[in-house]
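Notes follow once the structure below has been shown.
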Amino acid sequence: MISVFGSANMDLVAYVSEAPRRGETVTGREFRTVPGGKGANQAIAAARAGAQVAFLGAVGDDAFGAEIRDTLAAAGVDVKLLRQAPGMSGIAHIVVDDAGGNSIIVVPGANGTIGGPTGDERAVIAASQALLLQLELPMEAVIAAARAAREAAVPVILTPAPAQPLPGALLDAVTLLLPNEHEAAGITGAATPEAALDALLERVDEAVITLGSQGALYGSGSGERIRVPAVKVKAVDTTAAGDTFAGAFAVARAEGREAEDALRFASAAAALSVRCEGASTSMPTRAEIDASLS
């Protein structure tokens, strides 16, 4: 089982030819509401990639919260411990342009009410093969969840997004750090992904830097370095690519796959996700990932 302690949002997605500049108004061609949030996205990605998944987070007592809960459950994610907080669910305002790029504004809502994991949530984390974390919850809650996993000898995979300073108390409990190339550069100040990887490995045991169309780069403290190319596809919407990669990578590692095999599995999943619009709606099934690899 994989546990995900993270955010759940309703994505409010506007599709435009070109994203507006500051002070500019543009006409969109389509608008959708899609359940998302980095935590919920990673949970759905992992479930579709073949894992048993428990999601630990919070939604509001509004209509969006009910829809998010139903979407997670429909994807096969265990939501028995999903909290309900008074007020609004988390919201993400997303603009997607015709090149597949996006810009996002997140309003935390119920996500901001979460403290550390409860006793029941700690039991689920301790029974997991991996814990997936992101940074859309309060930092103290993320640190507490990471420590709970570390104490139970459960590997912790952290996606350090949205980008922000990473406290030593968090990094001390992280097994594998999974930033994209921009986040890695921001964390380390390094000019190249390779240099950023070396810097990250001074702080954690393993790291993967996703490089978009250039693939992904893996390293471990033992000196192992692996780079795999991206699967070439026409990108329609890259909103959930990173979360799909994280969920699929966690599944592959939980199944005992070596780093290179896990990277290829996750890269295939991420490539499949960018061919469709939306976040949780675009994530591939295990059968689709296996077919792509074969």
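At-a-glance table
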read-out: Equivalent ellipsoid semi-axes - Cα gyration tensor, the stretch 88-172, angstrom; value: 27, 15, 12
read-out: Using alpha carbons only: equivalent-ellipsoid semi-axes of the stretch 12-63, gyration tensor based, whole Å; value: 31, 14, 10
read-out: Charged-residue dipole, Cβ positions (Lys, Arg, Asp, Glu), the chain about Cα centre, Debye nearest 20; value: 180 debye
read-out: Ranked 15, 218, criterion: other C-beta atoms within 10 Å, fewest first; value: 15, 218
read-out: The stretch 157-294: antiparallel DSSP beta bridges as a percent of all, rounded to 5; value: 65 percent
read-out: Within the stretch 96-210, percent of DSSP bridges classed antiparallel, to nearest 5; value: 10 percent
read-out: Extension reserve of the residue 255-residue 232 stretch, reckoned as 0.36 nm per residue once the Cα distance is removed; value: 5.7 nm
read-out: At least 24 Å along the helix axis (C-alpha) and Kyte average at least 1.6, DSSP helices within the chain; value: none
read-out: Helix-only mean residue ellipticity at 222 nm for the chain, each DSSP H run of n ≥ 4 adding -39500 (n - 2.57), per residue, nearest 500; value: -10000 deg cm²/dmol
read-out: Charged-residue dipole, Cβ positions (Lys, Arg, Asp, Glu), the stretch 1-145 about Cα centre, Debye nearest 20; value: 200 debye
read-out: Antiparallel content of DSSP bridges confined to the chain, in %, to 5; value: 45 percent
read-out: Mean projection area, nm², convex hull over Cα of the stretch 29-168; value: 9.1 nm²
read-out: Rg over Rh [alpha-carbon atoms, Kirkwood Rh] for the stretch 108-157; value: 0.96
read-out: Computed over the stretch 116-251, the ratio Rg/Rh where both radii use C-alpha atoms and Rh is Kirkwood; value: 0.97
read-out: Mean Cβ neighbour count within 10 Å, used as a protection proxy, ranking 269-276, 115-122 highest first; value: 269-276, 115-122
read-out: Of 165, 193, 229, the one that fluctuates the most in a GNM where the chain has Cα springs shorter than 10 Å; value: 165
read-out: Least to most buried among 128, 17, 7 (fewest other Cβ within 10 Å first); value: 17, 128, 7
read-out: Under the Debye formula (equal points on every Cα, no solvent term), log10 I(q)/I(0) of the stretch 1-98 at q = 0.25 Å⁻¹; value: -1.16
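Throughout, read-outs are computed from the coordinates displayed, never taken from laboratory work. This is a predicted model, so every value here is computed, not measured. With ideal geometry, Cβ positions are generated from the backbone for all residues, glycine too; neighbour counts draw on all protein chains shown.
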